[in-house]
1. With (1) without any contact (Cβ under 8 Å) to a residue 24 or more places away in the chain; (2) open to solvent by 70 Å² or more (accessible area, probe 1.4 Å) as the list, and E60 as the residue in question, which single condition is left unmet?
2. Looking at segment 31-46, which of its residues are open to solvent by 20 Å² or more (accessible area, probe 1.4 Å), in a strand (DSSP E or B) and either under 16 Å from L85 (Cα atoms) or among the small types (G, A, S) (or both)?
3. Go through segment 61-105 and report how many residues are touching a Cys at 6+ places or on another chain (Cβ under 6 Å) and more than 18 Å from Q44 (Cβ to Cβ).
4. When the residues of segment 81-102 are narrowed to those that are among the acidic types (D, E) and exposed (fewer than 15 other Cβ atoms within 10 Å of the Cβ), which ends up farthest from L4 (Cα to Cα)?
5. Looking only at segment 71-83, how many residues end up being closer than 11 Å to L20 by Cβ and of a type outside the set (F, W, Y)?
6. Where the second residue is open to solvent by less than 30 Å² (accessible area, probe 1.4 Å) and polar (S, T, N, Q) and the first is in contact (Cβ under 8 Å) with a residue 40 or more places away in the chain and lies in segment 80-108, which pairs have Cβ atoms under 6 Å and are six or more apart or on separate chains?
7. Just one of (1) part of a strand (DSSP E or B); (2) open to solvent by 20 Å² or more (accessible area, probe 1.4 Å) trips up Q1, so point out which.
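The values are calculated or read from the model by the stated rules, or taken from the named source; none is laboratory data. Source: prediction; values computed, not measured. Every residue, glycine as well, gets a Cβ built from its backbone with ideal geometry; the counts of neighbours run over all protein chains shown. In case anyone asks, the SASA skips ligands and DNA or RNA and just uses the protein heavy atoms, side chains included. Shrake-Rupley method; radii C 1.70, N 1.55, O 1.52, S 1.80 Å.
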Amino acid sequence: QVRLVESGGGLVQPGGSLRLSCAASVDIVSIHFMTWWRQAPGKQRERVALITNSGTTDYEDFVKGRFTISRDTAKDTIYLQMDNLKPEDTAVYYCHALTITTEWWGEGIQVTVSS
């Protein structure tokens with residue numbers, strides 16, 4: 001059983017920055033894909049960014065140039081640096097881990113972008 005714990009959310013003004021963290025209870029190099037997702041009220045959950053076990057990253061178009069996913073393998077933690085935040089980035093952000101055989105979700109953390 002893998003446990004994923006998100007932290008770093010909160011309230012920020014438009015144009016501001018936040019950094020989310022997701023600490024895993026296992027060696028993240030053993031996880032094929034680690035992904036940040038988000039879900040806004042009344043909307044479907046959507047993928048934001050992913051990082052593979054080799055360090056390759058990918059982003060959805062709506063965050064390209066503003067968000068950066070990274071990892072610290074020594075801490076078994078991935079990060080999502082979010083810059084130039086917009087009100088439409090307001091959502092619960094979830095950490096997700098996927099291997100060939102199974103997947104795990106964190107409990108989610110609220111990010112609110114508002115003046």
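1. Going through the list (1) without any contact (Cβ under 8 Å) to a residue 24 or more places away in the chain; (2) open to solvent by 70 Å² or more (accessible area, probe 1.4 Å), E60 breaks only (2).
2. Let us first name the residues in segment 31-46 that are open to solvent by 20 Å² or more (accessible area, probe 1.4 Å), namely 32-33, 37, 39-46.
Pick out the ones that are also in a strand (DSSP E or B) and you get 33, 37, 39, 46.
Correct list: W37, Q39.
3. Of segment 61-105, the ones touching a Cys at 6+ places or on another chain (Cβ under 6 Å) are 78, 95.
Then keep just the ones that are more than 18 Å from Q44 (Cβ to Cβ); that gives 78.
Count: 1.
4. Here is the first cut: in segment 81-102, the residues among the acidic types (D, E) are 83, 88-89.
Still in the running and exposed (fewer than 15 other Cβ atoms within 10 Å of the Cβ): 83, 88.
On the way: D83: 23, E88: 25 Å.
Residue satisfying both the conditions and the ranking: E88.
5. To start, the set of residues in segment 71-83 that are closer than 11 Å to L20 by Cβ comprises 77-82.
Among the residues that remain, those that are also of a type outside the set (F, W, Y) are: 77-78, 80-82.
Here the count works out to 5.
6. Listed pairs, sorted by first residue: H96/T35.
7. For Q1, the failing item is (1).
Residue-by-condition table, conditions (1) in a strand (DSSP E or B); (2) hydrophobic (A, V, I, L, M, F, W, C); (3) surrounded by fewer than 14 Cβ atoms within 10 Å (Cβ to Cβ):
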| residue | (1), (2), (3) |
| --- | --- |
| L20 | yes, yes, no |
| V29 | no, yes, yes |
| V48 | yes, yes, no |
| G65 | no, no, yes |
| K75 | no, no, yes |
| W104 | yes, yes, no |
| E107 | no, no, yes |
